[in-house]
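In what follows, a structure is listed as structure tokens, so that the remarks can point back to it.
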Amino acid sequence: CGIFGIFGPDKDVARLTYYGLYALQHRGQESAGIATADGKNILLHKNMGLVPEVFDEARLDSLKGHAAIGHVRYSTTGSSLVTNAQPLVCYYQKGMIALAHNGNLTNVHQLRPKLMERGAVFQSSIDTEVIVNIIARHSNVPIEKAITRCMDEIEGAYSLVVLTGDKLIGVRDPHGVRPLCLGKLGGAYILASESCALDTIGAELVRDVEPGEVIVIDKNGIKSIHYGAAERKGLCVFEFIYFARPDSVIDGYMVNQVRREMGRQLAKEYRADVDLVISVPDSGNAAARGYAEESGLPFEEGLMKNRYIGRTFIQPTQELRDLAVHLKLNPIKNILKGKRILMIDDSIVRGTTCSRMVKMLRDTGVKEIHMCVSSPPILWPCYYGIDTSNRKELIAAKMSLDEIRQFIGADGLHYLSLEGLLKAFNTVPGKFCTACFDGDYPIPIPKPEEMGKFV
Ligand code: 5GP
Ligand code: SF4
Ligand code: MG
């Protein structure tokens, strides 16, 4: 998901949030929502669909206020329904509160039944509602304190933006799994999942919110509470492989540069005897360029992408995904015919995308196809907010390298090693979460018997 928040009494906060969400659209295309605070009330509009489908001029005009938060959703827990769209807005003892969340709680299976035993009711199936409930239970203390108390109870990955009548609050979990940054536009402060949202509205990046940090913004300015940062950090490495936009900077790393470096590392590890390097656009572009630079092989745009369709992966059913891949990419025949090709993509999850690409290339008359992946095999599911699905859908968890190669129909297959991946950041293990590759989860994961259970 993508989250955005702005505190700017002299700004059109709803429109700036709209543009911010537009820039974060790649983080979720299922639903979008904006909540604004006008000093007394919190106004909300949310619906299923893309940002420009959910909002029009009249809607944005009606969302008045001095501060706003917004959300774009891609579901990892809870179904794709409007009741699960965010921000969530509720009344509690102190007035109204709105909250938007990126990430996944790992102990929701314990928290939710406990809250229900004490009479709580839930309108959605998302873990975010648990957070709102716990905050509301601490209404006897100031909101920032209620939030840190909530942080004592919840575990997992969470970047949050919270809006009350007079405050905008940003929170990043103690492991810093999901990104969140702070920006400034004149006198207004902004919180956003990625810095590309700041660029879009002309704001400057001040810094990233730190793991375990709570940032409180109100008319008196900005205040920071450092609360319980974990020693072992867990910034999601997948943000850099696939999820984040290449023009964003996260915790000091330029996404595009890291991706390119992943391609360079790939070339250092594996050199195929081919004529051309191509990428599966757009997610493989930066790595393919890096590979070409390092290897000296020519890079060509061999596959054309229809830019008017969203990310196929995020369509919630397999049937829709199958359909959408065909709409999405078309080979450029004169570039590819008769050639030996190295094709680069950022990741293989189920293996559907690259098997289709290989078939497409074969049909085009490509002579040899070597598939290269700029990340290691995904062997473990993610519990922290990326939909790498449950383990039985992960092709690398059930097949050997050669079986995968045969399955996708390529002449060669090579994945970047985990060491190579970390070299791309010029860092050592312990700073990033790499659990989907090595099973080393920085935050305890739910027990299998808790999983599938609807709570
Ligand atoms: P597959 O087709 O192997 O199941 O998925 C891999 C492709 O899906 C890659 O091209 C990758 O860019 C894309 N993709 C889109 N969304 C996601 C996501 O949330 N996680 C992963 N791992 N890949 C995704
Ligand atoms: Fe990211 Fe993988 Fe860790 Fe999930 S398990 S947070 S996708 S690195
Ligand atoms: Mg892709």
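Quick note: the coordinates plus some simple rules give every number you see, no bench work behind them. Just so we're clear, the structure is a prediction, and the values are computed from it rather than from any experiment. Note that we place each Cβ from the backbone using ideal geometry, even for glycine, and neighbour counts take in every protein chain shown.
Observations, loosely collected:
- Scoring 439-445, 237-243, 143-149, 412-418 by mean Cβ neighbours within 10 Å over their residues and listing the highest first yields 237-243, 412-418, 143-149, 439-445.
- When peptides 65-72, 169-176 are sorted by average Cβ neighbour count within 10 Å, with the highest value leading, the order is 65-72, 169-176.
- The residues packed around Pro376, meaning those with a beta-carbon under 10 Å from its beta-carbon, carry a net charge of -2 if Lys and Arg are +1 and Asp and Glu are -1.
- Charged-residue dipole, Cβ positions (Lys, Arg, Asp, Glu), the chain about Cα centre, Debye nearest 20: 360 debye
- With both labels modelled 7 Å from their Cα along Cα-to-Cβ, the Arg118 to Leu418 distance reads 3.9 nm.
- Footprinting exposure proxy for Leu303, Leu329, Leu198 (fewest neighbouring C-beta atoms within 10 Å first): Leu329, Leu303, Leu198
- For Lys233, the aspartates and glutamates whose Cα falls under 20 Å of its own Cα, not counting residues fewer than eight places away in the same chain, are Asp152, Glu153, Glu155, Asp173, Glu194, Asp208, Glu210, Glu213, Asp251, Glu419, Asp438, Asp440.
- Asp411 versus Asn47: modelled label distance in nm, points set 7 Å from Cα along the beta carbon direction: 5.1 nm
- Alpha carbon Rg of segment 28-74, scaled by the compact-globule rule 2.2 N^0.38 Å: 1.11
- The smallest convex shape that holds all Cα atoms of segment 249-432, its convex hull, gives 122 Å³ per residue.
- Highest-first packing order for the peptide set 335-342, 274-281 is 274-281, 335-342, based on the mean count of other beta carbon atoms within 10 Å.
- Computed over segment 2-231, the convex hull of the alpha-carbon atoms projects to a mean area of 11.0 nm².
- Isotropic mean projected area of the C-alpha convex hull, segment 370-450 (nm²): 6.1 nm²
- Checked against a 19 Å cut-off, the cross-linked pairs Lys64/Lys145; Lys339/Lys359; Lys333/Lys359 give Cα-Cα distances beyond that limit for Lys64/Lys145.
- The string of couplings for segment 51-62 from the Karplus curve (6.51, -1.76, 1.60, θ = phi - 60°) is 3, x, 7, 7, 10, 10, 4, 5, 4, 5, 4, 6 Hz, one whole number per residue in order, with x for Gly and Pro.
- Helical runs (DSSP H, four residues minimum) scored at -39500 (n - 2.57) apiece and divided by the length of the chain put the mean residue ellipticity at 222 nm at -8000 deg cm²/dmol.
- Taking the Cα atoms of segment 209-266, the ratio Rg/Rh between the radius of gyration and the Kirkwood radius comes to 1.12.
- Translational diffusion coefficient of segment 128-202 (Stokes-Einstein, Kirkwood radius from Cα pairs, 10 °C, 1.306 mPa s): 118 µm²/s.
- Bins of 20 Å, starting at 0 and running to the largest distance - Cα pair percent for the chain: 26, 55, 19, 1
- The lysines whose alpha-carbon is closer than 16 Å to the alpha-carbon of Lys114, local same-chain residues fewer than 8 away aside, are Lys453.
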